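The values are calculated or read from the model by the stated rules, or taken from the named source; none is laboratory data. What you see is a predicted model; the values in this text were computed from it and never measured. Cβ sites come from the backbone with ideal geometry, for glycine too, and all protein chains shown count toward neighbours. Note: accessible area is taken over every heavy atom of the protein model, side chains too, but ligands, DNA and RNA are not part of it. Shrake-Rupley method; radii C 1.70, N 1.55, O 1.52, S 1.80 Å.
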Amino acid sequence: RAMGSIIGKITEELPKHEVLTKTASYEIRRYAPCVVAETGFTSKKGMFEGDQGKSFMKLASFIGVMTTPKNDVASPIAMTAPVLMHKGKGDESFTMAFFLPASRFAKASHVPVPTDANVTIKDVPARTVAVHTFSGNMRAEVISVKDKELREALARDGVKTKKNAEVMAAGYNPPWTPWFLKTNEVLLEVER
């Protein structure tokens, strides 16, 4: 498993989805309802250069990565992919989320309760998103460019984003994976 993560192979459980449309620039995917563990963070430096490391460790501790799981029953939970980040409610506010294994949890009420009050469990309804996949390191300027390119491709093809759709960034690989082997995505909710 460790070698797979170094060479970019994704072996973790992924959120259940169906590809509705595939173009050279993007996919339209319909995601099934799922459960996430999430935490917020603030950063004057943006989504990728602030407190995201501490946020990641809060979520990793909840599921029991390199520690006793920080949940009410000390039950380990398998790591999944991707890790999702998006803008929060304020200008310098962001959210990081781990998808919880659908093979184990159908609803938030089935998940052990986090012992860290900064970690919340949330049901996410089914949704349709446009996804552009790319490799490299996630940086604010890269996400901004990929967001713009995705919006332009969708507009060109007559696909409407949801009103006020904010870009979400998804990373599939651990930080030690070489940049050129990393799988990342930008996602936008679309009308369907």
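Can you tell which of Val111, Val186 is in contact with a Phe, Trp or Tyr (Cβ under 6 Å, 6 or more places away or on another chain), of a type in the set (A, V, I, L, M, F, W, C) and touching a residue at least 24 places away in the same chain (Cβ under 8 Å)?
Testing whether each residue is in contact with a Phe, Trp or Tyr (Cβ under 6 Å, 6 or more places away or on another chain), of a type in the set (A, V, I, L, M, F, W, C) and touching a residue at least 24 places away in the same chain (Cβ under 8 Å) leaves just Val111.
Among the residues of the range 136-152, write down those that are touching a Phe, Trp or Tyr at 6+ places or on another chain (Cβ under 9 Å), open to solvent by 30 Å² or more (accessible area, probe 1.4 Å) and free of Cβ contacts under 8 Å to residues at least 60 places away in the same chain.
Asn137, Val142, Lys146
Among the candidates Ala126, Ala130, Ala108, Ala81, which residue alone is closer than 19 Å to Val36 by Cβ, at pLDDT 95 or above and crowded, with 16+ Cβ neighbours inside 10 Å?
Ala108
Could you check the range 153-192 and list, in sequence order, the residues that are in a helix (DSSP H, G or I) and open to solvent by 40 Å² or more (accessible area, probe 1.4 Å)?
Selection gives Ala155, Arg156, Trp179, Phe180, Leu181.
Across the range 52-77, what is the number of residues that are assigned to a loop (DSSP other than H, G, I, E, B), of a type in the set (A, V, I, L, M) and at pLDDT below 95?
Qualifying residue count, the range 52-77: 2.
What is the residue count in the range 19-48 for residues that are open to solvent by less than 50 Å² (accessible area, probe 1.4 Å) and either closer than 30 Å to Pro69 by Cα or of a type in the set (Phe, Trp, Tyr) (or both)?
Summing the residues that are open to solvent by less than 50 Å² (accessible area, probe 1.4 Å) and either closer than 30 Å to Pro69 by Cα or of a type in the set (Phe, Trp, Tyr) (or both) in the range 19-48 gives 15.
Residue by residue through the range 111-123, note down the ones that are in contact with a strand residue (DSSP E or B) (Cβ under 7 Å, 6 or more places away or on another chain) and within 16 Å of Gly40 (Cβ to Cβ). Lay out the reasoning, then the answer.
First pass over the range 111-123, keeping only residues in contact with a strand residue (DSSP E or B) (Cβ under 7 Å, 6 or more places away or on another chain): 111-115, 118-123.
Answer for the range 111-123, where residues must be in contact with a strand residue (DSSP E or B) (Cβ under 7 Å, 6 or more places away or on another chain) and within 16 Å of Gly40 (Cβ to Cβ): Pro114, Asn118, Val119, Thr120, Ile121, Lys122.
Return the residues of the range 63-77 that are buried (at least 18 other Cβ atoms within 10 Å of the Cβ) and more than 20 Å from the chain's Cα centre (by Cα); say none if nothing qualifies.
Passing the criteria: Pro69, Lys70, Asn71.
I need a count of the residues in the range 84-105 that are open to solvent by less than 20 Å² (accessible area, probe 1.4 Å), part of a loop (DSSP other than H, G, I, E, B) and hydrophobic (A, V, I, L, M, F, W, C).
Looking only at that region, the number is 2.
Among the residues of the range 100-117, is any within 30 Å of Asp72 (Cα to Cα) and among the basic types (Lys, Arg)? Even if it seems obvious, please write down each step before you answer.
Within the range 100-117, the first condition is being within 30 Å of Asp72 (Cα to Cα), and the residues that meet it are 100-117.
Narrowing further to those that are among the basic types (Lys, Arg): 104, 107.
Looking for residues that are within 30 Å of Asp72 (Cα to Cα) and among the basic types (Lys, Arg), one finds at least one in the range 100-117, hence yes.
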